[in-house]
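Below you'll find the structure, written out as structure tokens, and then a few comments.
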Amino acid sequence: MNLPGLLLKAERDAKKLFEQIDDLVFVNQARVLDVFRQARVRDFHFNSSTGYGYNDAGRDLLEEIYAGVFKGEAAVVRSQIVSGTHAISLCLFALLGPGDELLAATGRPYDTLVRVIGGDGVRRGTLTGRGVVYRELPLTPGGRVDIEQLGKTVGESTRVVLVQRSRGYSSRPALLVDDIAEVVRTVKNANPHAVCLVDNCYGEFTARREPTWVGADLIAGSLIKNPGGGLAPSGGYVVGRRELVEQVAEQLTAPGLGREVGASLWDNRLVYQGLFLAPHVVGEALKGAVLTASLMERLGYEVSPRWDEPRGDIVQEVRLGSAERVQAFCQVIQSCSPVDSDLSLEFAPMPGYREPIIMAAGTFVQGSSIELSCDAPRREPFAAYLQGGLTYQHVRYALAKMLEVLP
């Protein structure tokens, strides 16, 4: 396959950033390896369990490793957590009761989480339906957290402040760890008892630090995104302060049982090995995102972040200007996938989303967004959101094919 000259030029521009990403990968890989070594992982830890899962050594050590990697006091890492939204939902329902206030500090949350909260008027089974008070803090015109207003908004009744690290289906920039640190400081100054919960989806290993390092009380995410390394078949995690993690575990299982039960319903080796590989795989995805931004800018499309801007997640937004171009863009990604490459994509209704969604996900793990994937809602500004790539070369290949389709 002969690579187009425009793609090679975009790649040459990005070489310096690729070196920086390699340095980041080394730091994070060393961190993960050190925790594995200290944990003294053995072959028997890869065994699964059945029934109640009492004394599941592999499950318990995996949770110790997650706590160590993310510098939390405790962790819950379970196959029974079905998605990132589920992990965050568990935290919210565990921590909030009637009369408590939930404040979304980063504007309107991701579509599926809005349904959990009841922010769109759907009340049955939602947080607002059980009497939780919900407020959203609008972002600044530049898409940043309004720190000054945040300090004025957090009050005595504010129980949880939700911070969404990634952009979701919006054009605001993903939060950097320094941004999260500023949010946490502001919240704690206003109310030291408020819990700072960070939706960490798409952000793991994109920086040298994680939100728990700068004061976040809890972080939550999905194993079929960054920390699963492309190998984890399912699952989610919550890491943070021990007493809060225990509350979340009791929401997942039952009061009095918490983390003591829950059989490993997966091949533990895949989850251990996926976490070990995660820093490298995230580095490949970051390189792919940088190359995508560099190429699409050369083609005249607006992108966010720009190719040389700091990144707080693995998501690359490309504004294409029409639903037809979004569909064409996603179709190229699907056609360049190792699974279901022959499928034709269309916008369609999906549970938890307001508008029809198109999703390119020819992945080995269904819905895995650390594998090369792309999705978009059918709404203005008609942007596609590309993420993942187990190998940089896969993204490179897809972009070469993209040049044959997009003007």
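The values are calculated or read from the model by the stated rules, or taken from the named source; none is laboratory data. What you see is a predicted model; the values in this text were computed from it and never measured. Note that each Cβ is placed from the backbone with ideal geometry, even for glycine, and that neighbours are counted across all protein chains shown.
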Q: Select from the range 40-52 the residues that are closer than 26 Å to GLU210 by Cβ and surrounded by 16 or more Cβ atoms within 10 Å (Cβ to Cβ) and list them in ascending order.
A: VAL41, HIS45, PHE46
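Would you say ARG115 is charged (D, E, K, R) and touching a residue at least 60 places away in the same chain (Cβ under 8 Å)? Break it down into steps so the answer makes sense when it comes.
Details: charged (D, E, K, R): yes; touching a residue at least 60 places away in the same chain (Cβ under 8 Å): yes.
Here the answer is yes, as ARG115 does meet what is asked.
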(Q) Pull out all pairs, ordered by first then second residue, where Cβ-Cβ is under 7 Å, the residues are six or more apart or on different chains, the first lies in the range 141-163 and is at pLDDT below 95, and the second is of a type in the set (Ser, Thr, Tyr). (A) GLY143/SER171
Q.
If I go through the range 259-300 residue by residue, how many of them are touching a Gly at 6+ places or on another chain (Cβ under 8 Å) and either farther than 24 Å from ALA207 by Cβ or of a type in the set (Asp, Glu) (or both)?
A. 7
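Working carefully through the options VAL25, VAL35, find the one that is assigned to a helix (DSSP H, G or I) and under 18 Å from the mean Cα position of the chain (by Cα).
VAL25
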Q: Considering only the range 273-296, state which residues are touching a helix residue (DSSP H, G or I) at 6+ places or on another chain (Cβ under 8 Å) and free of Cβ contacts under 8 Å to residues at least 60 places away in the same chain.
A: GLY274
Q) In the range 379-407, how many residues are free of Cβ contacts under 8 Å to residues at least 60 places away in the same chain and not in a loop (DSSP other than H, G, I, E, B)? A) 1
Q. Can you tell me how many residues in the range 176-213 are surrounded by fewer than 24 Cβ atoms within 10 Å (Cβ to Cβ) and in a loop (DSSP other than H, G, I, E, B)?
A. 8
Q. Applying the selection to the range 53-88, what residues are buried (at least 22 other Cβ atoms within 10 Å of the Cβ) and either among the β-branched types (Val, Ile, Thr) or modelled with pLDDT under 95 (or both)?
A. ILE65, VAL69, VAL76, VAL77, ILE81, THR85, ILE88
Q.
Residues to consider are LEU299, LEU286; find the one that is at pLDDT below 95 and of a type outside the set (Gly, Ala, Ser).
A. LEU299
Q | Candidate set: the range 318-338, residues that are of a type in the set (Ser, Thr, Tyr) and surrounded by fewer than 20 Cβ atoms within 10 Å (Cβ to Cβ); chosen: the one farthest from the chain's Cα centre (by Cα) | A | SER322
Q) Where in the range 71-173 are there helices (runs of 4 or more DSSP H), lying wholly inside it, with at least 2 residues that are touching a strand residue (DSSP E or B) at 6+ places or on another chain (Cβ under 6 Å)? A) 84-95
(Q) Take the conditions surrounded by 23 or more Cβ atoms within 10 Å (Cβ to Cβ) and within 19 Å of ALA87 (Cβ to Cβ) and apply them to LEU257. Does it pass? (A) no
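Does SER341 fit the bill of being hydroxyl-bearing (Ser, Thr, Tyr) and closer than 22 Å to GLY367 by Cα?
yes
Rundown of residues vs (1) basic (Lys, Arg); (2) within 30 Å of GLY5 (Cβ to Cβ); (3) at pLDDT 95 or above, yes/no style:
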residue: GLY230; (1), (2), (3): no, no, yes
residue: VAL245; (1), (2), (3): no, no, yes
residue: LEU265; (1), (2), (3): no, no, no
residue: SER294; (1), (2), (3): no, yes, yes
(Q) Can you go through GLU19, GLU11 and tell me which one is in contact (Cβ under 8 Å) with a residue 24 or more places away in the chain and not assigned by TED's automatic domain parsing to the domain that holds GLU246? (A) GLU11
**Q.** Residue check for ALA263: part of a loop (DSSP other than H, G, I, E, B) and out of contact with any strand residue (DSSP E or B) (no Cβ under 9 Å at 6 or more places or on another chain)
**A.** yes
(Q) Looking only at the range 367-377, filter to residues that are part of a loop (DSSP other than H, G, I, E, B) and at pLDDT 95 or above; which one of those is surrounded by the fewest Cβ atoms within 10 Å (Cβ to Cβ)? (A) SER368
Q | Residues of the range 351-365 that turn out to be surrounded by 15 or more Cβ atoms within 10 Å (Cβ to Cβ) and without any contact (Cβ under 8 Å) to a residue 40 or more places away in the chain, as a count | A | 8
Q) Only one of (1) free of Cβ contacts under 8 Å to residues at least 24 places away in the same chain; (2) among the acidic types (Asp, Glu); (3) not in a loop (DSSP other than H, G, I, E, B) fails for ASP340. Which number is that? A) (3)
